[in-house]
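Just passing along the structure, written as structure tokens.
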Amino acid sequence: MARPGEEMAEVINSHIDGLLKATSRSFHLTLTTLPKTVRDQFGLLYLLARLADTIADSKTENAEALIEALDGYHGLLVDDEAVDLSDIASIQEDPDEKRLLENLDSVIAAYRAMSSEDAVLMQRCLDIIISGQRLDLVRFGALGSDLTTLENDVELDDYAYRVAGSVGEFWTAITLLHELDGGVTDTETFDALGVRFGKALQMTNILRDIPADIALGRCYIPSQRLAEFGMTHEDLRNPESISAFRPLYNFYLDLACDHYEAAIRYIRMIPRKHHNLRLACILPVAIGLDTLSLLRTGNVLDAGERIKVSRGRIKRIAALSATGTRLKVLEDRLLNKALAKARKPL
């Protein structure tokens, strides 16, 4: 690791950036808007977390092999222990994820070039993320396992924290260290809101991807909550169950909206002069809220009805967000309207 005060070698070179573009099409939009002071740290953390996610989500029925591979990858990060992930790479159906695994050495070399201060923050975040992915494999098993669900909201919140709230913590720590320079006085509140920012994004993924997760044997809608509505996780396989599921689903959409409201408070704590940092935060919030609005009216249980924000809409959101960082009234209008629409679509 580079020592504090040393000039750090180029981390996100053209090769690493190519891996980022291929595996993070939506996040890359956010990444390109970030200030240079924090861009490498966030880009590299994304790739390192994506490597762990790719291992954990590999399509095999051998959960023990995936846990072993995930532990091996963690050992590489922490203690530089040798690990062979060629077998995991060979079973990847997505060519970009296969290429990412095949380029593990390049990503790790970039990680080793980070300053020790940044690396400590990255490792702390990765420890938490990988613990969540490992828990998923222990809890749910691998592909082909019987459908299993979380038991309660505590488990759901814990999962959302491990795989995404922890990223909000990292985001906050890195920006306070390198970009904000004392611009935020109440750092404790800022950190707590950052955790909820991450949870907002993860809850959106969970609520959008129910059929895809069920196909993997995983259900993140807690069984205790389903039972309150006379349902089981098996009912979520049937698109016709949407009417019975809708009240509970709306409850979780409201919870996600609450997290997004915290994310908006987070954005408003960032001094307005930090245009690029604010834009990088506004984009995922506006797109996420747009997604929740679509989920309110669509049938999320229908695997054939893929609910997502169109590319054209994303371009429009990006344009409005860029203008909003310069004009507070437009930014407030964009975020307030998006939140209101997500809570009760027009």
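Would you check if E169 is touching a Pro at 6+ places or on another chain (Cβ under 8 Å) and either assigned to a strand (DSSP E or B) or in the same structural domain as E305 (by TED's automatic domain parsing) (or both)?
No: the conditions fail for E169.
Next up: Tell me, please, whether a residue that is within 26 Å of N205 (Cα to Cα), of a type in the set (F, W, Y) and buried (at least 19 other Cβ atoms within 10 Å of the Cβ) can be found in region 70-78.
For region 70-78, residues within 26 Å of N205 (Cα to Cα), of a type in the set (F, W, Y) and buried (at least 19 other Cβ atoms within 10 Å of the Cβ): present.
Quick one: in region 13-39, which of the residues that are of a type in the set (G, A, S) and touching a residue at least 40 places away in the same chain (Cβ under 8 Å) is surrounded by the fewest Cβ atoms within 10 Å (Cβ to Cβ)?
S26
Going through region 51-83 one residue at a time, which ones are over 23 Å from the mean Cα position of the chain (by Cα) and without any contact (Cβ under 8 Å) to a residue 12 or more places away in the chain?
Selection gives E64, E68, D79, D80, E81, A82.
Among the residues of region 207-231, write down those that are part of a loop (DSSP other than H, G, I, E, B) and in contact (Cβ under 8 Å) with a residue 24 or more places away in the chain.
Of everything in region 207-231, those that are part of a loop (DSSP other than H, G, I, E, B) and in contact (Cβ under 8 Å) with a residue 24 or more places away in the chain turn out to be L216, G217, Y220, I221, P222.
Looking at region 298-314 only, could you name the residues that are β-branched (V, I, T) and at pLDDT 95 or above?
Listed by number, the list holds a single entry, V300.
For region 32-42, which positions are over 13 Å from the mean Cα position of the chain (by Cα) and part of a helix (DSSP H, G or I)?
Within region 32-42, T32, T33, K36, T37, V38, R39, D40, Q41 qualify.
Check D96, D136, D146, D84 and return the single one that is surrounded by fewer than 20 Cβ atoms within 10 Å (Cβ to Cβ), charged (D, E, K, R) and assigned to a helix (DSSP H, G or I).
Being surrounded by fewer than 20 Cβ atoms within 10 Å (Cβ to Cβ), charged (D, E, K, R) and assigned to a helix (DSSP H, G or I) holds for just one of D96, D136, D146, D84, which is D96.
Answer yes or no: is there a residue in region 20-29 that is at pLDDT 90 or above and assigned to a helix (DSSP H, G or I).
Looking for residues that are at pLDDT 90 or above and assigned to a helix (DSSP H, G or I), one finds none in region 20-29, hence no.
Separate question: Looking only at helices (runs of 4 or more DSSP H) that lie completely in region 261-346, which have at least 1 residues being buried (at least 16 other Cβ atoms within 10 Å of the Cβ), touching a residue at least 40 places away in the same chain (Cβ under 8 Å) and among the acidic types (D, E)?
Correct list: 275-297, 328-343.
The values are calculated or read from the model by the stated rules, or taken from the named source; none is laboratory data. Every value quoted in this text rests on a predicted model; they were computed, and no experiment measured them. Positions of Cβ are generated from backbone atoms using ideal geometry, with glycine treated the same way; all protein chains shown enter the neighbour counts.
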